[in-house]
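Working notes, beginning with the structure itself.
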Amino acid sequence: MRTLLLLFFILVSLQLKGQLALVNEAQKFIQEGKLTEAKEIIDNASNEDAFKTNPRANYLKAFLYKDLYLNSKGASKESYRKTAFQTIEDAKPISSGTSFENPLSQLSEFMSSTFFNDGVDYFNQADYDKAIIYFDKFLIALGDRVDEFVLDATYYSGVSNYLLGNRDDALKNYTFVYENGYENPLLYNDLAALYLKNNNPNEALRYVKEGLSKFPMNQELLITELNILSQKEDYASSEQKVDAYISNYPDDIEVLLLAGTIYEKNTIEAEGERKTRLIEKSEKVYKKAVSVDPNNYHANYNLGVTLYNKGVDIINSKSYDLDLEELRSVVDKSNDLFSSSLPFLEKSLESRQSDIDLLKALRSIYYNLNMKDKFDKVDAQITSLE
């Protein structure tokens with residue numbers, strides 16, 4: 001019996017030495033970049049029991065498949081990554097407490113990061129379904145760990161879900177990162193947008209205010225706050241804040257356009273001098289917006305409509321029993337405003353040929369300015385659209 005045991009020991013020892021020589025040869029091929037040759041050796045050897053219980057051999061196999069993954073394309077690439085992960089998992093028990101435990105852990109971290117990177121790539125390509133898949137794979141690979149990368153992956157999964165219309169999933173992602181102290185102003189902005197979509201402006205405003213307490217000059221949060229106040233019809237607060245925002249961002253086209261819209265909305269409940277002042281403020285910011293971006297559709301359209309409406313208001317505010325001279329004065333003032341509005345509305349028409357409201361405004365101006373050819377052309381266009 002003792003002799004049989006001795007022979008068995010000798011056979012295993014010889015087998016280990018043979019496997020060790022193969023591992024050394026495979027390592028040499030990897031160092032030389034000859035991955036195909038290394039793969040052939042590793043694949044042939046990896047079915048042997050001596051290989052399966054050898055920490056160094058398993059680490060080398062995982063390392064090889066990491067390199068194969070990085071240097072391949074197509075279907076094989078994903079297969080190599082899968083094998084690398086499986087080898088790492090198989091090697092963990094036998095590597096615990098050995099010199100290969102930390103290198104294996106580092107290799108596992110690296111391979112996990114490839115899921116994160118793929119998620120980012122798909123997100124940047126606006127392929128949000130695949131972005132979610134790879135962010136989830138990254139999170140599964142890292143288990144229960146919570147760090148900045150886990151929070152980033154969860155947050156961008158939330159953004160992807162939101163953009164896909166998966167509001168419940170987005171809220172779960174956002175809530176997780178919020179509760180784990182994710183410090184990103186966009187999170188507060190996105191939570192606000194989500195609650196606005198769910199018709200809960202009060203909760204949306206709460207998140208914006210919390211975000212602004214941490215990021216007081218963040219432009220996205222400032223603009224979102226204005227939009228929420230406007231939606232809540234908090235006219236006094238919205239006007240006060242938009243005045244302050246314009247002083248901070250005098251050349252920002254989005255702020256200028258939003259300011260003009262808020263001033264216009266505030267005229268709904270305004271009368272007399274206050275209403276006149278708000279109209280003048282909206283005209284001023286729209287003129288500034290056009291000077292910042294002369295080709296901006298909204299800037300041109302809003303300025304044109306503001307000037308056009310001023311002309312209409314002059315006519316509507318006068319009684320019908322004016323004498324001829326007074327009537328001529330009213331018509332001249334309104335026509336001056338119509339003329340002033342015309343280049344901005346015509347500029348808008350360059351990019352919105354089928355905008356029926358825009359065409360109707362132009363038709364009215366052409367009529368009042370006695371521009372028959374243009375009137376006939378626009379009138380025919382309106383008829384074809386209606």
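May I ask you to verify whether Leu104 is in contact with a Lys or Arg (Cβ under 8 Å, 6 or more places away or on another chain), at pLDDT 85 or above and not in a loop (DSSP other than H, G, I, E, B)?
Criteria met by Leu104.
Among the candidates Tyr178, Tyr174, Tyr249, Tyr245, single out the residue that is among the hydroxyl-bearing types (Ser, Thr, Tyr), farther than 30 Å from Ser113 by Cβ, free of Cβ contacts under 8 Å to residues at least 24 places away in the same chain and out of contact with any strand residue (DSSP E or B) (no Cβ under 7 Å at 6 or more places or on another chain).
Tyr245
Specify the residue that is nearest to Thr224 (Cα to Cα); the eligible residues are those in region 172-192 that are aliphatic (A, V, I, L, M) and crowded, with 19+ Cβ neighbours inside 10 Å.
Ala192
Among the residues of region 133-174, write down those that are at pLDDT 95 or above and of a type in the set (Ser, Thr, Tyr).
Tyr134, Thr154, Tyr155, Tyr156, Ser157, Ser160, Tyr174, listed by residue number.
Answer with yes or no whether Lys214 is of a type in the set (D, E, K, R) and within 19 Å of Leu337 (Cα to Cα).
No, not satisfied.
Restricting attention to region 68-83, does a residue exist that is out of contact with any helix residue (DSSP H, G or I) (no Cβ under 6 Å at 6 or more places or on another chain) and either crowded, with 20+ Cβ neighbours inside 10 Å or touching a residue at least 60 places away in the same chain (Cβ under 8 Å) (or both)?
There is no residue in region 68-83 that is out of contact with any helix residue (DSSP H, G or I) (no Cβ under 6 Å at 6 or more places or on another chain) and either crowded, with 20+ Cβ neighbours inside 10 Å or touching a residue at least 60 places away in the same chain (Cβ under 8 Å) (or both).
Name the residue, out of Asp129, Asp136, that is farther than 27 Å from Glu183 by Cβ and either among the charged types (D, E, K, R) or assigned to a loop (DSSP other than H, G, I, E, B) (or both).
Asp129
Hey, among the residues in region 329-364 that are out of contact with any Leu (no Cβ under 7 Å at 6 or more places or on another chain) and buried (at least 18 other Cβ atoms within 10 Å of the Cβ), which one's nearest to Leu385 (Cα to Cα)?
Leu359
Looking only at region 356-386, filter to residues that are free of Cβ contacts under 8 Å to residues at least 12 places away in the same chain and not in a helix (DSSP H, G or I); which one of those is nearest to Val290 (Cα to Cα)?
Met371
Looking at region 100-124, I want the residues that are more than 11 Å from Phe85 (Cα to Cα) and have a partner that is among the polar types (S, T, N, Q) and in a helix (DSSP H, G or I) with Cβ atoms under 6 Å, at least 6 apart or on another chain. Which pairs are those?
Glu101/Ser95
Scan region 209-241 residue by residue and report those that are more than 20 Å from the chain's Cα centre (by Cα), assigned to a helix (DSSP H, G or I) and at pLDDT 85 or above.
Within region 209-241, Lys209, Glu210, Ser213, Lys214 meet the criteria.
Residues in region 332-354 that are assigned to a loop (DSSP other than H, G, I, E, B) and out of contact with any Phe, Trp or Tyr (no Cβ under 8 Å at 6 or more places or on another chain): how many?
Selection size over region 332-354: 3.
Output the number of the condition that Val290 fails; it satisfies all remaining conditions of (1) crowded, with 19+ Cβ neighbours inside 10 Å; (2) at positive phi.
(2)
Among the candidates Thr154, Thr98, which residue alone is in contact with a Phe, Trp or Tyr (Cβ under 8 Å, 6 or more places away or on another chain) and either among the β-branched types (Val, Ile, Thr) or crowded, with 17+ Cβ neighbours inside 10 Å (or both)?
Working: Thr98 fails: in contact with a Phe, Trp or Tyr (Cβ under 8 Å, 6 or more places away or on another chain).
Result of the check over Thr154, Thr98: Thr154.
Can you find a residue that is more than 23 Å from the chain's Cα centre (by Cα), part of a helix (DSSP H, G or I), closer than 25 Å to Glu148 by Cα and of a type in the set (Asp, Glu) anywhere in region 86-97?
Yes, region 86-97 has at least one match.
The values are calculated or read from the model by the stated rules, or taken from the named source; none is laboratory data. Because the structure is predicted, anything quoted here is derived from the model rather than measured. Cβ coordinates were reconstructed from backbone atoms using ideal geometry, including for glycine residues, and neighbour counts include every protein chain displayed.
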